[in-house]
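Asker: Sharing a structure below in structure tokens format, with a few things to ask.
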Amino acid sequence: MRKRTCMGIMLAVAVAAVCCLYIIKKDNVLLCVENGQPCISVRTAQSENKVFLWQDGDGEEAEKEAAGFFFLPSCVTGHKIRLGDTGGSSVRIDGQLCQEGDAFAWEEGQKFSIQVTDASCDSHTYEVGFMKSANIPAMFIDTASGGLDYLHENKENEETGRICVLQVDGVTEYQDELPRISGRGNSTWEFEKKPYALKLKEDRPLCGLRESDRWRLLAIWNEGSRMGDKIAMDLAQALGLSYSTQGTWVDLYLNGEYRGIYLLTESVTVGSGRVEIDDMEKTNKQKNVSIEAGTAKHYEEEDNKGFLLEDGAEVDGGYLIEKDHPKHWEAEDSGFCLSRGDLFTINSPRHASKEQVAYIHGFVEEIDALVQKGDPAVWEKLDLPSFARRFLVDEIALEMDTGSTSMYFYKDRGDEKLYSGPAWDYDNAFGEDSDSDSFFVNYGETIVNNNERLAISINWYQKLYETPEMQQCIVESYADVLPFFEKLLDTGIDRYAEQIRASAAMDDARWESVRTADNDMPRYKSFEANVNYTKFFLANRLNCLCARWGVPHEAFAAPASGETHQVTFSVYEGVVETVEASDGEPLSCAPEYDGGVYQGWTYRRGGEPYSSYIPVYEDMELYNAKWE
């Protein structure tokens, strides 16, 4: 019996090994023709996925240019592609007529001429380049409509479809019907590269993350290094902040179109492995058939909104609430407004009864009154460790939206305290965002000062920061987390950079024309320079915080190669001045100008104003435009 069991195990291992090597050993990357255009078919033992040619432009413009890229997932190994099903069309590659089964070798940086001629002798020639990802999984989603127009029309629009997740080694980790894909985000939804929300048929772990049926795909559009959100999530976990979300990078393909590198993350929601508090939404649905039927009557009062339920009298339960922006709050179903004007969305229960809204509103109103008075009794209503740790995530990251939106709190059944977290939404953090006075690139600033600048920001950080209890917990937690940053700056960021470098290059190629047209480029041209800036900001930020809080620690070092770069200052009339700047050093000054004539020095690439906090990691140009 034992012998048979061992043989069975050995057979299973052998089969698994064959599956893992399928991409490597078999000729399963095929050049096919679909709807008259070349496409790549990536086949594994468990799945088949299409990668369509991406062309820089739409419609007639793309056809006229007839140039583009095949962006290949990590699981494609080797450089040979065989000709597959051409649908009756003939195919010539660099002038050579190919037959089904013929192979050709591709190289990155090299263009290939692919001519497709159909049965009616209608011929199209495509100048095609190849780029390949490495080290991260690929997620293929095909919508039921086969297009993205409806999905992108409004972030509330939903589609069904199919999903397939391919691991780096070619193993199909998950594939099934997809009950829902929709848009998500607020300001991030306005960019061409859209973020998405997914709903699976069942709870499943994806790409090494904990199992769930709800997932988020963050477009990380504002992050030159693509690491801001990921670092913030890692930091929250290192601090021990409960229910912190996890995330990992994936290459996303929608209907065969490469959409770029995304951060796949767990969603902020109530449930097992997420925010593990009493699920009042589930209870409300069980007690109120009108919710499932979609007939629950919505109500709005001056400071409360929710639903008039048949049975909503039970109020002691789990609540997940979010301090929200007025524009975002208007679109939510349930929420309340404090007497001082701060708006909170009730994320769970989403279908909150009138009694439940009144209860959690009153609970938070009581806390706010204690905060405003500086009453020490506030710590009987607020969980000190979670507030101090969440503050540290926000303070170190210097996220511009802190206090105004995406700021979560939760309360559980039978617990008379409000907890801060999970930490969420750090796409404008770690110095990635600047404004006219360089506030967010100033690594010596404080999140407290930021909240004071924003009229819509809740003032709890300002009020709580100076309390002795909060101060002590902040300093102790900060000292405890410094080893995390030692590893992060020593090897962690470099390891992340190596993991996503190839995918970031594909993402840059995919979106460069859009960014150029919108004047919305990352601060630096090279991925390496953007990564170095993330290290620079973190090292200087940590040194400032050590000094501020009296935490002894050897100074964190920012990267510097010892090389020099050219920095050019120009105006419409021509070049004003070119200076040599040391790698990793901020510019100490900029040429003077007449403020009555010129608007001010601006970085040509990113379109942000000059700042003495921005280091030079590559050749840079600043311009000065005249007032109109």
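Asker: Calculate the radius of gyration of the Cα atoms of region 244-296 to one decimal place, then report Dmax, the largest Cα-Cα distance, as a whole number, both in Å.
Answerer: My reading of the Cα-based Rg and Dmax gives 17.0, 44 Å.
Asker: Taking region 130-183, how much of its Cα-Cα pair set, in percent, is spaced more than 19 angstrom apart?
Answerer: Here the long-distance tail beyond 19 Å is 40 percent of all Cα pairs in region 130-183.
Asker: Another question, if that's okay. Could you work out the Kirkwood radius for region 304-441, taking every pair of different alpha carbons, averaging 1/r and inverting it, reported in Å?
Answerer: 15.9 Å
Asker: Also, I was wondering about something else. Taking H placed 1.01 Å from N in the peptide plane, check which residues at least 5 places from R604 or on another chain put their amide H under 5 Å from its amide H.
Answerer: For R604, the qualifying residues are E621, L622, Y623.
Asker: Given a 1.4 angstrom probe, I'd like the percentage of the accessible area of the chain that is carbon and sulfur, rounded to a whole number.
Answerer: The computed percentage sits at 47.
Asker: Taking a probe of 1.4 angstrom, what is the accessible area of E159 in Å², to the nearest 10?
Answerer: Solvent-accessible area, nearest 10 Å²: 20 Å².
Asker: Here is a further query. Apply the Karplus curve 6.51 cos²θ - 1.76 cosθ + 1.60, θ = phi - 60°, to the phi angles in region 387-401 and return the couplings in whole Hz, x for Gly and Pro.
Answerer: Working through the residues one at a time gives 5, 5, 6, 5, 4, 5, 4, 5, 5, 5, 6, 6, 6, 5, 8 Hz.
Asker: Over what distance in Å are the Cα centres of region 202-241 and region 460-475 separated?
Answerer: 28 Å
Asker: Treating region 283-344 as a set of equal point scatterers at the Cα positions, no solvent, please give the Debye-formula log₁₀ I(q)/I(0) at q = 0.16 Å⁻¹.
Answerer: After summing over all Cα pairs, the log10 values are -0.60.
Asker: Separate question: Would you mind getting the accessible area per residue of the chain, heavy atoms of the protein chains only, 1.4 Å probe, in Å²?
Answerer: 43 Å²
Asker: Additional query: Taking the mean number of other Cβ atoms within 10 Å as a proxy for protection, how do you rank 589-597, 128-136 from highest to lowest?
Answerer: 128-136, 589-597
Asker: Taking amide hydrogens as modeled 1.01 Å from N in the peptide plane, which residues meet the under 5 Å criterion relative to S348, leaving out close sequence neighbours?
Answerer: Under 5 Å from the amide H of S348: L320.
Asker: Based on Cβ point charges of +1 for Lys and Arg and -1 for Asp and Glu, what charge dipole magnitude is obtained for region 511-553 about its Cα centre, in debye rounded to the nearest 20?
Answerer: Charge dipole, region 511-553, about its Cα centre: 260 debye, nearest 20.
Asker: Using the Cα centre as the reference, give the magnitude of the dipole from point charges on the C-beta atoms of the chain (Lys, Arg: +1; Asp, Glu: -1; all else neutral), rounded to the nearest 20 debye.
Answerer: 2280 debye
Asker: With only alpha-carbon atoms counted, please give the Rg and Dmax of region 339-397, in Å.
Answerer: Taking only Cα atoms of region 339-397, I get Rg and Dmax of 13.6, 38 Å.
Asker: Using the alpha-carbon centroid of each, what span in Å lies between region 561-585 and region 340-404?
Answerer: Each part reduced to its Cα centre gives a spacing of 47 Å.
Asker: Given charges of +1 on the Cβ of Lys and Arg and -1 on the Cβ of Asp and Glu, with all other atoms neutral, how large is the dipole of region 378-467 about its Cα centre, in debye to the nearest 20?
Answerer: It works out to roughly 460 debye.
Asker: Hey, another quick one. Under the √(5λ) rule applied to the eigenvalues of the Cα gyration tensor, what semi-axes describe the equivalent ellipsoid of region 372-489? Give them in Å, descending.
Answerer: Equivalent ellipsoid semi-axes, largest first: 24, 18, 14 Å.
Asker: Report the equivalent ellipsoid semi-axes for region 538-610 in whole Å, largest first, defined as the square roots of five times the eigenvalues of the gyration tensor built from alpha carbon atoms.
Answerer: For region 538-610, the semi-axes come out at 33, 16, 9 Å.
Asker: Within the chain, what percent of beta bridges assigned by DSSP are antiparallel, to the nearest 5?
Answerer: 85 percent
Asker: How big is the Kirkwood radius of the chain, worked out from every pair of different alpha carbons and given in Å to one decimal?
Answerer: 27.1 Å is the Kirkwood radius here.
Asker: For region 344-455, with the dipole built from +1 on Lys and Arg beta-carbon atoms and -1 on Asp and Glu ones, taken about the Cα centre, which of V441, G403, L370 lies farthest toward the positive end?
Answerer: L370
Asker: For region 430-531, what ratio Rg/Rh do Cα atoms give with a Kirkwood hydrodynamic radius?
Answerer: Value, to two decimals: 1.07.
Asker: To continue, here is another question. In angstroms, what radius of gyration and Dmax does region 121-257 have, counting Cα atoms only?
Answerer: Computed over the Cα atoms of region 121-257, radius of gyration and Dmax are 16.6, 65 Å.
Asker: I've got another one for you. Per-residue ellipticity at 222 nm for the chain, helices alone: DSSP H runs ≥ 4 residues times -39500 (n - 2.57), over residue total, nearest 500 deg cm²/dmol?
Answerer: -9000 deg cm²/dmol
The values are calculated or read from the model by the stated rules, or taken from the named source; none is laboratory data. Computed from a predicted model, the values in this text were never measured in an experiment. With ideal geometry, Cβ positions are generated from the backbone for all residues, glycine too; neighbour counts draw on all protein chains shown. Accessible surface is based on the protein model in full, side chains and every heavy atom, while ligands, DNA and RNA are left aside. Shrake-Rupley method; radii C 1.70, N 1.55, O 1.52, S 1.80 Å.
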